[in-house]
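Structure record follows, encoded as structure tokens.
The values are calculated or read from the model by the stated rules, or taken from the named source; none is laboratory data. Remember, it's a predicted structure, so these values are computed and weren't measured experimentally. Here the Cβ is made from the backbone with ideal geometry for all residues, glycine too, and neighbour counts use every protein chain on show. All accessible areas refer to the heavy atoms of the entire protein, side chains included, with ligands and DNA or RNA removed. Shrake-Rupley method; radii C 1.70, N 1.55, O 1.52, S 1.80 Å.
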Amino acid sequence: MSTKAVELVVSPSAPHFVGDGFRVHNFIPSAYKLDMKRMDPFIMLDYNSKYTFEPSIEPKGVGVHPHRGFETVTIAYKGQIEHHDSSGGGGVISEGDVQWMTAASGVLHKEFHEREWSKKGGEFQMVQLWVNLPAKDKMSTPKYQAIENSTINRFQIENNGGEIEVIAGEYQGVGGAASTFTPLHLQNAKLKQGTKAKFSFPSHFNTGLLVIEGSMKVNQSDEVPTNHFVLMANQGEEFEIEATSDAVILILSGEPINEPIATHGPFVMNTREEIVQAFEDFNNGKFGYLAD
Ligand code: MN
């Protein structure tokens with residue numbers, strides 16, 4: 001085992017709105033090296049850093065839109081999101097919850113602030129990740145994993161130093177709540193100031209860290225502030241983070257799928273022909289129906 005070093009620290013890009021309800025910094029794909037291949041299988045990462053929405057009678061969000069060929073993973077840190085889809089499914093993602101939606105062959109859905117939450121407004125903070133699917137699974141049946149915070153397994157750090165919430169994958173024998181199509185780890189490290197935590201992932205796994213709250217050092221690096229992303233090198237396995245103030249760090253590590261990516265808007269396939277097919281199927285109503 002050898003040390004996995006920091007490759008790059010990425011500052012948050014200027015935010016933009018997705019619909020009128022998500023004010024996001026796009027970390028993947030973005031400038032520098034973070035294109036859709038560099039963090040494969042994590043092909044998109046939109047981060048709504050903490051932002052206060054004013055009360056609104058009409059919930060803000062994103063109207064009906066399709067997805068095909070991948071999974072969307074929504075992690076709510078502050079606020080509540082309500083979603084509905086063309087299979088009749090729907091639900092509320094509350095603080096600490098995770099929604100793992102396998103769009104696969106195709107869904108229509110819409111994502112809005114939860115109606116009652118919207119009336120009060122307040123601090124809103126969330127991550128939406130797109131996790132790619134291997135070619136053999138892209139046209140599988142859509143499904144949801146609604147993962148409530150209370151059902152997420154945790155590794156407790158000694159001396160009340162905090163905990164590691166294991167959303168997917170594994171941490172020191174504690175297994176993740178979500179099932180995945182390819183090997184990957186997704187964890188929230190919630191660390192008190194001064195606490196250290198060690199991680200070990202295979203060197204070829206693409207690995208990154210997003211500072212959701214507080215600040216940290218990685219392998220005794222300079223301090224990495226809130227809302228910054230750290231890309232780890234694809235050499236070595238082990239690294240250590242230290243919370244330099246009470247911190248929440250989202251940890252991502254996954255085995256690259258290493259297949260061609262053809263993408264347009266909400267579709268991520270392997271070939272241009274499959275993208276054309278996705279638009280045709282969408283226009284022919286094959287993604288079902290969902291009212292505005
Ligand atoms: Mn969506």
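Listed conditions (1) under 18 Å from the mean Cα position of the chain (by Cα); (2) surrounded by fewer than 15 Cβ atoms within 10 Å (Cβ to Cβ) are all met by Gly176, apart from (2). The residue of the stretch 59-98 that is nearest to the chain's Cα centre (by Cα), among those that are of a type in the set (Gly, Ala, Ser) and more than 16 Å from Val127 (Cα to Cα), is Gly69.
Of the residues Ser253, Ser245, which is assigned to a loop (DSSP other than H, G, I, E, B) and of a type outside the set (Val, Ile, Thr)? Spell out how you get there, then give the answer.
On the way: Ser253 fails: assigned to a loop (DSSP other than H, G, I, E, B).
Among Ser253, Ser245, only Ser245 is assigned to a loop (DSSP other than H, G, I, E, B) and of a type outside the set (Val, Ile, Thr).
Of everything listed in (1) open to solvent by 10 Å² or more (accessible area, probe 1.4 Å); (2) under 20 Å from Ile75 (Cβ atoms), the single unmet condition for Glu242 is (2). Considering the conditions (1) out of contact with any Leu (no Cβ under 8 Å at 6 or more places or on another chain); (2) under 23 Å from Ala291 (Cβ atoms); (3) not aromatic (Phe, Trp, Tyr), His109 is excluded by exactly one of them, (1).
Looking across Phe22, Phe17, one residue alone is within 16 Å of the ligand (Cβ to nearest atom) and open to solvent by 60 Å² or more (accessible area, probe 1.4 Å). It is Phe17. Within the stretch 34-49, the set of residues being in a strand (DSSP E or B) and open to solvent by 10 Å² or more (accessible area, probe 1.4 Å) comprises Met44, Asp46. Would a scan of the stretch 210-231 turn up a residue that is open to solvent by 30 Å² or more (accessible area, probe 1.4 Å), in a loop (DSSP other than H, G, I, E, B), under 27 Å from Asn149 (Cβ atoms) and of a type in the set (Val, Ile, Thr)? Yes, that holds for at least one residue.
Looking at Ser86, Ser150, which one is among the polar types (S, T, N, Q), open to solvent by 10 Å² or more (accessible area, probe 1.4 Å) and within 13 Å of the ligand (Cβ to nearest atom)? None of the other options fit; the residue is Ser86.
Inside the stretch 227-242, residues that are of a type in the set (Val, Ile, Thr) and over 16 Å from Leu191 (Cα atoms) make up a count of 1. Under the condition of being in contact (Cβ under 8 Å) with a residue 60 or more places away in the chain and not in a loop (DSSP other than H, G, I, E, B), the residues counted in the stretch 87-101 number 2. Among the residues of the stretch 50-76, which ones are open to solvent by less than 30 Å² (accessible area, probe 1.4 Å), of a type outside the set (S, T, N, Q) and out of contact with any Phe, Trp or Tyr (no Cβ under 8 Å at 6 or more places or on another chain)? If the condition is that a residue be open to solvent by less than 30 Å² (accessible area, probe 1.4 Å), of a type outside the set (S, T, N, Q) and out of contact with any Phe, Trp or Tyr (no Cβ under 8 Å at 6 or more places or on another chain), then Ile75, Ala76 are the ones that fit.
One line per residue, one yes/no per condition, for (1) within 16 Å of the ligand (Cβ to nearest atom); (2) crowded, with 23+ Cβ neighbours inside 10 Å; (3) over 27 Å from Lys60 (Cβ atoms):
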| site | (1), (2), (3) |
| --- | --- |
| Val107 | yes, yes, no |
| Lys110 | yes, no, no |
| Arg115 | no, no, no |
| Gly122 | no, no, no |
| Gln128 | yes, no, no |
| Leu133 | yes, yes, yes |
| Asp137 | no, no, yes |
| Ser140 | no, no, yes |
| Ala146 | yes, no, no |
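Of all residues in the stretch 41-58, those satisfying the criterion of being closer than 13 Å to Gly21 by Cα and touching a Gly at 6+ places or on another chain (Cβ under 7 Å) are Thr52, Phe53, Glu54, Pro55, Ser56.
The C-beta contact set for the stretch 46-72 (first residue within 30 Å of Leu133 (Cα to Cα) and polar (S, T, N, Q), second residue open to solvent by 20 Å² or more (accessible area, probe 1.4 Å) and away from the ligand (no atom under 13 Å from the Cβ), distance under 7 angstrom, 6+ apart or interchain) comprises Asn48/Arg23; Ser49/Pro12; Ser49/Asn227.
Of everything in the stretch 269-288 that is under 26 Å from the mean Cα position of the chain (by Cα) and within 19 Å of Lys110 (Cβ to Cβ), the residue that is surrounded by the fewest Cβ atoms within 10 Å (Cβ to Cβ) is Gly288.
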